[in-house]
Amino acid sequence: MSTVTFDPASLEQLQQQKSTRPWRKKPTKFTASVSLAVVIPALIVAALFVTSDIPVPILMVVIYLPLQLIASAVAALITRGTRGVADSMIIVNAIGASLFSVIVLASVIGSLIVRGLRALSPHFLFQNSVYISPSTPLDYGGIGHSLVGTLLIVFIASLISVPIGVATAVYITEVRGRAVPYVRFFVQAMSGVPSVVAGLFILTIVVATGAFNQSAFAGGLAYAILMLPTVARTAEEVLKLVPDDLRTGALALGSTRARTVLRVVLPAARTGIVTAIILGVARVIGETAPLLLAAGNNDQTVVNPFGSPISSVPTYIFNNVALPYPDAVARAWGSALVLIILVAILFTLARVLGRGRVSR
Amino acid sequence: MSTTEYEGVMELDIEGIEQSALHQVGPTEMETRDLSVWFGHRKVLEGVNISFPKQTVTALIGPSGCGKSTFIRTLNRLHELIPGAALAGAVLYEGQDIYDGDVDPVHIRLKIGMVFQKPNPFPSMTIRGNVLSGLKLSGMKRDNHDDIVEQTLTAAGLWNEVKDRLGNAAGDLSGGQQQRLVIARALAVQPHVLLMDEPCSALDPASTLKIEETIRELSKEVTIIIVTHNMQQAVRVSDYTAFFLAEEGSPGHVVEQGATTEIFGNPQEQRTLDYVNGRFG
């Protein structure tokens, strides 16, 4: 029997130890074949791009993707044997698919920036379009009136749809009455209502009957119809995440059902409810058709929600983008850029506010 | 049948240690009569007759699935919240059937508090807010909120650990502290009975010991009914013990009940002896 001799390092030596990540070390053969698998298809495609007239999308999908698949498979075969081949296929396809969706989004935003950035300036955000004709240069006028309109309409829509949506979610998850399956079905069906139908509906029963003009209020009603299902369904999901322990805990303290909901369940789901509201706003903020019908158009800044037709960013884009004046078109693209930035801000806000978990 | 058995055991006990204050039997605070419980068509408990004397600790023991938790939830009318729940027999609190048509469950739950297996402090409230939440939720008016917070947290054995951070979120506390917090919360509404459904099952030994001390201390004022899987705990904290068992295919029932010293020291039933010695369950 032999004794294992091992001298532990001294304290000094231990303090000098450097942290390493041994699992990151790759054999040279691996590095070499992976680099070749990355470089060769790229080079072939680059050569084809320079020498031929094949359109880029076809080049990428028909030539690059299969080439890359073959190259990766070969590299995998060399380094890890047959087991690695399926692995590499899945990885290449997954990377390709996610790149594709990123590229689509990036090109949408890119085209907005390219065409719209020219119109952006401080006065573009704050001035209105009174005395501005489509041929007026970009030095004058802006979409201040449309921004005010959009914000006003969205605010009105939120005032209407948030209480109703949250109450619907409370009915489904807390009251759990007999009508829950039907309510849930109708809410789901409602989320399929085309926005133009919502606009027509409001136009017919609110504007055409003479109850209200085309206005921020009528537009807000149309938006509320579209927002409601999103708010209700998202709120339902977050209320479901509130642990039942909290409900029974409150009831065991002698609480009524109503107090349990108001003081325990809803506060516990607060961040989630905020997310529901923001998702609802983001759902409607770019809708054009309902506002064309229910809110109308205006060059002036309107703050009275009931009195007169009002402009909004989507209708402004719609009215300007097809005009035969380059500056009007630039204004439309600039407005689109502003709108998408607004949506981005809202989604970021939702992510930040939603990060606090429902219960800690 | 089991009622007589129970009383018999208790009388025996009283004769044995008449002078000891420990088993002084006070008036009955709660009792169940021929209580049977269903979930839908499945009968989970049958013919449970137990009485809980005032200001004592009663431990409910038995293997998982024997209906202890279901039983304890019928005592403050939480059972009825589960869809398909049903029951027969009566649950008497101060001689009144709590399932009478004109009894408000909210009122019952105010008198009969509960601590759950998993600590469930309200995450949206501070430590102080949690202690006082029962008052707000039940609409109960009590003055001197500061005193209530200090008294109940002291009673729950948590005051010294949290007195400097009453405004912190309740979620920042450890599991054992959270459990003691919800005990304080339950005490703030001044219940007469406190139901505890395995209050220590998720806690480390030190927290468990603290809560057991709390239970002993509280039993001077409130009647405590505690479900536990921990035999030593039942011995340490309880005056009386009821052993529940659900045999193959039949609903749960009480096999034996009586003074804890009897159940653990001199059980009359072979099954009780086997269970308390850890031979099954």
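The values are calculated or read from the model by the stated rules, or taken from the named source; none is laboratory data. What you are looking at is a predicted structure, and each value in this text was computed from that prediction instead of being measured. Reconstructed Cβ throughout: ideal geometry from the backbone, glycine too, with neighbour counts over all protein chains shown. Side chains included, ligands, DNA and RNA excluded: accessible areas come from the protein's heavy atoms. Shrake-Rupley method; radii C 1.70, N 1.55, O 1.52, S 1.80 Å.
Points worth noting:
For (1) more than 30 Å from A:ARG263 (Cα to Cα); (2) within 29 Å of the chain's Cα centre (by Cα), each residue gets a yes or a no:
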position	(1), (2)
A:VAL154	no, yes
A:VAL175	no, no
A:ALA189	yes, yes
A:SER215	yes, yes
A:GLU236	no, yes
A:ALA252	no, no
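- Qualifying residue in region A:184-202 (condition: open to solvent by 40 Å² or more (accessible area, probe 1.4 Å), outside any helix (DSSP H, G or I) and within 30 Å of B:VAL189 (Cα to Cα)): no
- Residues within region B:186-221 that are within 23 Å of B:PRO123 (Cα to Cα), open to solvent by less than 10 Å² (accessible area, probe 1.4 Å) and in a helix (DSSP H, G or I), tallied: 3
- Among (1) within 14 Å of chain A (Cβ to nearest Cβ); (2) in contact with a Phe, Trp or Tyr (Cβ under 7 Å, 6 or more places away or on another chain); (3) surrounded by fewer than 19 Cβ atoms within 10 Å (Cβ to Cβ) - the single one B:ALA86 does not satisfy: (1)
- A:ARG283, sole failed condition from (1) buried (at least 22 other Cβ atoms within 10 Å of the Cβ); (2) of a type outside the set (Gly, Ala, Ser); (3) part of a helix (DSSP H, G or I): (1)
- Taking the criterion of being among the hydrophobic types (A, V, I, L, M, F, W, C) and crowded, with 24+ Cβ neighbours inside 10 Å, the residues of region A:141-153 that qualify are A:ILE143, A:ILE153.
- Screening region A:248-259 for residues that are without any contact (Cβ under 8 Å) to a residue 60 or more places away in the chain and out of contact with any Phe, Trp or Tyr (no Cβ under 8 Å at 6 or more places or on another chain) and picking the one that is farthest from the other protein chains (Cβ to nearest Cβ) gives A:ALA258.
- Qualifying residue in region A:332-341 (condition: polar (S, T, N, Q) and buried (at least 18 other Cβ atoms within 10 Å of the Cβ)): yes
- Among all residues of region B:36-43, there is at least one that is open to solvent by less than 20 Å² (accessible area, probe 1.4 Å) and of a type outside the set (S, T, N, Q).
Quick grid of which residues meet (1) among the aliphatic types (A, V, I, L, M); (2) over 13 Å from the mean Cα position of the chain (by Cα):
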site: B:PRO191; (1), (2): no, no
site: B:GLU212; (1), (2): no, no
site: B:VAL222; (1), (2): yes, no
site: B:ILE226; (1), (2): yes, no
site: B:VAL235; (1), (2): yes, yes
site: B:THR260; (1), (2): no, yes
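- Screening B:VAL57 against (1) closer than 23 Å to A:THR256 by Cβ; (2) of a type in the set (Val, Ile, Thr); (3) in contact (Cβ under 8 Å) with a residue 40 or more places away in the chain leaves a single unmet condition, (1).
- Residue tally, condition assigned to a helix (DSSP H, G or I) and either aliphatic (A, V, I, L, M) or within 11 Å of another protein chain (Cβ to nearest Cβ) (or both), over region B:140-170: 6
- The one condition in (1) more than 30 Å from B:PRO199 (Cα to Cα); (2) within 14 Å of chain B (Cβ to nearest Cβ) that A:ASP244 fails to fulfil: (1)
- Single residue of B:LEU92, B:LEU137 found to be more than 30 Å from B:ALA206 (Cα to Cα), open to solvent by less than 30 Å² (accessible area, probe 1.4 Å), within 14 Å of chain A (Cβ to nearest Cβ) and outside any loop (DSSP other than H, G, I, E, B): B:LEU137
- The numbered conditions (1) of a type in the set (Phe, Trp, Tyr); (2) touching a helix residue (DSSP H, G or I) at 6+ places or on another chain (Cβ under 8 Å); (3) within 30 Å of A:SER121 (Cβ to Cβ) are all true for A:TYR325 except (2).
- Search result, residues across region B:222-260 that are without any contact (Cβ under 8 Å) to a residue 60 or more places away in the chain and part of a helix (DSSP H, G or I): B:GLN232, B:VAL235, B:ARG236
- B:ILE263 hydrophobic (A, V, I, L, M, F, W, C) and not in a helix (DSSP H, G or I): no
- Where a residue in region A:302-326 is in a loop (DSSP other than H, G, I, E, B) and its partner, wherever it lies, is among the basic types (Lys, Arg) and surrounded by 24 or more Cβ atoms within 10 Å (Cβ to Cβ), with Cβ under 7 Å and at least six apart: none
- Whichever residue in region B:264-281 is of a type in the set (A, V, I, L, M, F, W, C) and in contact (Cβ under 8 Å) with a residue 60 or more places away in the chain and, among such residues, is nearest to B:GLU31 (Cα to Cα): B:VAL276
- Residue in region A:240-258 that is farther than 30 Å from B:LEU187 by Cβ, open to solvent by 40 Å² or more (accessible area, probe 1.4 Å) and part of a helix (DSSP H, G or I) present: yes
- Selection within region A:166-212 - touching a Pro at 6+ places or on another chain (Cβ under 8 Å) and of a type in the set (Gly, Ala, Ser): A:SER191, A:SER195, A:ALA198, A:GLY199
- Residue in region A:262-279 that is in a loop (DSSP other than H, G, I, E, B) and facing another protein chain (nearest Cβ under 10 Å) present: yes
- A:PHE306 being more than 15 Å from the chain's Cα centre (by Cα), of a type in the set (Phe, Trp, Tyr) and more than 14 Å from chain B (Cβ to nearest Cβ): yes
- If you filter region B:100-118 down to residues that are outside any helix (DSSP H, G or I) and at the interface with chain A (Cβ under 8 Å from one of its Cβ atoms), you find that the one that is surrounded by the fewest Cβ atoms within 10 Å (Cβ to Cβ) is B:LYS118.
- The residues in region B:119-132 that are open to solvent by less than 20 Å² (accessible area, probe 1.4 Å) and at the interface with chain A (Cβ under 7 Å from one of its Cβ atoms) can be counted, and the count is 2.
- Single unsatisfied condition, A:ALA232 versus (1) touching a Ser or Thr at 6+ places or on another chain (Cβ under 6 Å); (2) within 14 Å of chain B (Cβ to nearest Cβ); (3) assigned to a helix (DSSP H, G or I): (2)
- Of all residues making up region B:265-279, the number that are open to solvent by less than 60 Å² (accessible area, probe 1.4 Å) and touching a Leu at 6+ places or on another chain (Cβ under 8 Å): 2
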